[in-house]
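What follows is one structure encoded as structure tokens, with my remarks underneath.
The values are calculated or read from the model by the stated rules, or taken from the named source; none is laboratory data. The structure presented is a predicted model; accordingly, all values stated were derived computationally and were not measured. Here the Cβ positions follow ideal geometry from the backbone for every residue, glycine too, while neighbour counts run over all protein chains shown.
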Amino acid sequence: LTGEETATRINQTVVKAYIKQLNDVVTGHDAELLSIAMRLPDVVTTEREDIDDNEWQTIEAGIEDAIQHILEYRSDEGQTLYQEFETRIKNIADLLEQVIAMDPDRISGVRERLDKAVSELKEKVDENRFEQELVYYIEKYDITEEKVRLENHLDYFLKALVSDDSNGKKLGFIAQEIGREINTIGSKSNHAPMQKLVVQMKDELEKIKEQLLNVL
């Protein structure tokens, strides 16, 4: 057997003592007294044979080998996850660069649409007042702060991956912040090409969140 070998034995000394005491109390055949004695406490004992040094060495070697395989597997799995996260974060960063590149044209388009809408009214408007309202309106679509925060969150995620205290919960919090900025950019974009890029960023982020479930 692997581990301790066990053997059950009758404690003859205890049995004889019980029979002697029973003889003092009642009269009966030895078989009857033995039957009674065998049901009393401590009649049967279990003896265990300790594992010898060679068996311990075999067990320890097996445990150490199993632990080593687990550590190697975790290391390989961790490297695979790191590369996956790095790729997805880079994809989001690349998509953000495309968003930044098209942003000036997007704002110009918003201005042109508003100018055209006003001109079609065929009513004279106060140019200064119109410009003030236009600036206010366009500011509602400004995504400068969101772009900066998203860049910072992406950079922080990559740094957290290689930090000593990196863990799934921390990375999950950062992923939530990334998602918040992506959603805000999408709601402010008012521009179909930019919204397509936002959808792609969301898809990349979802893949990150799925893999974060595998991080302790």
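If a residue must be more than 60 Å from the chain's Cα centre (by Cα) and loosely packed, with under 12 Cβ neighbours inside 10 Å, how many such residues does region 31-47 contain?
Of the residues in that region, 2 qualify.
Can you find a residue that is over 16 Å from residue 102 (Cα atoms) and among the aliphatic types (A, V, I, L, M) anywhere in region 183-204?
No.
Considering only residues of region 72-105 that are within 30 Å of residue 138 (Cα to Cα), of a type outside the set (A, V, I, L, M) and in contact with a helix residue (DSSP H, G or I) (Cβ under 6 Å, 6 or more places away or on another chain), which is surrounded by the most Cβ atoms within 10 Å (Cβ to Cβ)?
Among them, the one singled out is 91.
Let's see how each residue does on (1) out of contact with any helix residue (DSSP H, G or I) (no Cβ under 6 Å at 6 or more places or on another chain); (2) at pLDDT 80 or above; (3) of a type outside the set (D, E, K, R):
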{"position": "29", "(1), (2), (3)": "yes, no, yes"}
{"position": "42", "(1), (2), (3)": "no, no, no"}
{"position": "47", "(1), (2), (3)": "yes, no, no"}
{"position": "52", "(1), (2), (3)": "yes, no, no"}
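Would you confirm, using the coordinates I've provided, whether residue 61 is more than 30 Å from residue 152 (Cβ to Cβ) and part of a helix (DSSP H, G or I)?
Considered against the rule, which asks whether it is more than 30 Å from residue 152 (Cβ to Cβ) and part of a helix (DSSP H, G or I), residue 61 comes out as yes.
Kindly indicate whether residue 87 is of a type in the set (Ser, Thr, Tyr) and under 30 Å from residue 167 (Cα atoms).
Yes.
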